Amino acid sequence: MTKTQVNKVGRNIRKTIQNQGEISNEDLLILQNYRTSFQADLASVFNQISNLSKKERSDSIVSFRIKRIESILSKIKRQPTMALGNMGDVAGCRVLLYSDEALIGLVQKFNAVFNVKYFNNYLDEAKEDGYRGYHLYIESPIDSSKLIEIQLRTVTAHKWASLVEMIDILYNLKIKEGEKSYEFEEFLLLLSRKSTLTIKDKIRIIEIDKKNNIYPKLNEVFVQNHLQVRKDWVSLSNLSNNYFIIEVDFEKKTNLISFGSYKSAEERYFKMFGEKNKSNFVLTHVEKPNFRRVCIAYASYMLVNHDYLEDWNEFTKDIIMDNTIKKSQSNFDYYSEYIRRNLEDQFNLVKSEISEYNSYSEKEEKNDGLNEWLDEIKEKMKKFDMVARQHNDINKQKNKNFFRRLLG
């Protein structure tokens, strides 16, 4: 396809959207052909950045995706002067790293290897909404007329960005796409400054949480999803597939499908889009996939866990300690009961997971997926035990041992 043809279909689609019409099948098919034309370019870049990333840090997580059709249509609507052929993130790779130093080192290596057309640096100064990361837009080594986006983020920054997407999904919002939701935006902005929060900030986070039931809603979805998704992954771990469609359906349940080839995955993706079933889904490739990597890379689609649950425990613990120092009994009792209720939910989740694992493992042959699951359960139990003991120690100071029975 020539750039002129691409831009023409972009104009057709924009006009249809502006007139609130339905995009023709012909235009959608051309858009799909344009999307998939990036596959060879993307694969070439992915292989190079995977090798460089592993040399920088062996625990880096590298994935690629072609922009979802819904996201392309949304961007065409939001940016009325942008030509489709100039959209720089139709095809993209993402690298997640566990340190700022590794990220900066990798940016320097990419600059030396690729022809970088332009970049966005949100490391030195975060975006207004709190996002941090580094985006490079490089010339494809196969077709110089095409741009490939490379996103680099720390795992911490990526988890924050995933929470934005989770809130969009759970509350049917579009914060990521610029739609205003002031209270949630305040909540997310505060969380982006997690290391410098004051007690007043933490109290505000919990106020917004309580008003909107964020913690219970996240926990409810995680409980709903985690056992089925984990079992799905165990069955998939017998396969050597690296392409995945991860779908969140209208009931906020996650469905996981794997494929051995990009072609079969893309055909299924386009069919799902044509069915217009109101679900959110993404097609991606993850290098050397395991459950933990896929959950980190696509937390907002897997919907089985998020660090906010642990952050919530830390914030409420700090608030209680502050109330203890200030001898504020009423606030102490309020937060203690609130914490107890939510910790019991977490504890029951872990208990159900242990029961499910024992039942499932008796019927299945041991494999990497089951071993990985068991290791994760052990890690969850250690974390829960630590948090419950912390709160039990705090409550001893007030002679209110809410958590002792949980530890039993």
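The values are calculated or read from the model by the stated rules, or taken from the named source; none is laboratory data. Source: prediction; values computed, not measured. All Cβ positions, even for glycine, are placed from backbone atoms using ideal geometry, and neighbour counts span all protein chains on display. SASA here: full protein model, heavy atoms, side chains in, ligands and nucleic acids out. Shrake-Rupley method; radii C 1.70, N 1.55, O 1.52, S 1.80 Å.
Points to keep in mind about this one:
Every residue, every condition in (1) out of contact with any Pro (no Cβ under 8 Å at 6 or more places or on another chain); (2) hydroxyl-bearing (Ser, Thr, Tyr); (3) open to solvent by less than 60 Å² (accessible area, probe 1.4 Å), yes or no:
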position: 228; (1), (2), (3): yes, no, no
position: 233; (1), (2), (3): yes, no, yes
position: 240; (1), (2), (3): yes, yes, no
position: 243; (1), (2), (3): yes, yes, yes
position: 250; (1), (2), (3): yes, no, no
position: 255; (1), (2), (3): yes, no, yes
position: 264; (1), (2), (3): yes, yes, yes
position: 268; (1), (2), (3): yes, no, no
position: 271; (1), (2), (3): yes, no, no
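- Test for residue 142: is it among the aliphatic types (A, V, I, L, M), in contact (Cβ under 8 Å) with a residue 60 or more places away in the chain and closer than 30 Å to residue 216 by Cβ: no
- Single residue of 270, 222 found to be over 26 Å from residue 27 (Cβ atoms) and assigned to a helix (DSSP H, G or I): 222
- Any hit, segment 54-69, residues being over 18 Å from residue 270 (Cα atoms), open to solvent by less than 30 Å² (accessible area, probe 1.4 Å) and not hydroxyl-bearing (Ser, Thr, Tyr): yes
- For segment 355-367, the set of residues classified as surrounded by 11 or more Cβ atoms within 10 Å (Cβ to Cβ) and either assigned to a loop (DSSP other than H, G, I, E, B) or touching a Cys at 6+ places or on another chain (Cβ under 6 Å) (or both) consists of 364, 367, listed by residue number.
- Remark: residue 245 falls outside the filter, which requires a residue to be in contact with a Leu (Cβ under 7 Å, 6 or more places away or on another chain) and within 21 Å of residue 215 (Cα to Cα).
- The listed residues are 362, 372, and the only one of them that is modelled with pLDDT of 80 or more and over 26 Å from the mean Cα position of the chain (by Cα) turns out to be 362.
- Residue in segment 164-206 that is surrounded by the fewest Cβ atoms within 10 Å (Cβ to Cβ), counting only those that are hydrophobic (A, V, I, L, M, F, W, C) and over 19 Å from the mean Cα position of the chain (by Cα): 199
- The set of residues in segment 124-153 that are surrounded by fewer than 19 Cβ atoms within 10 Å (Cβ to Cβ), closer than 19 Å to residue 53 by Cα and touching a helix residue (DSSP H, G or I) at 6+ places or on another chain (Cβ under 7 Å) contains only 141.
- Elements of type strands (runs of 3 or more DSSP E) in segment 35-143, at least 3 residues being of a type in the set (A, V, I, L, M, F, W, C): 61-66, 91-97
- Residue in segment 335-354 that is over 30 Å from residue 294 (Cβ atoms), outside any helix (DSSP H, G or I) and not aromatic (Phe, Trp, Tyr) present: no
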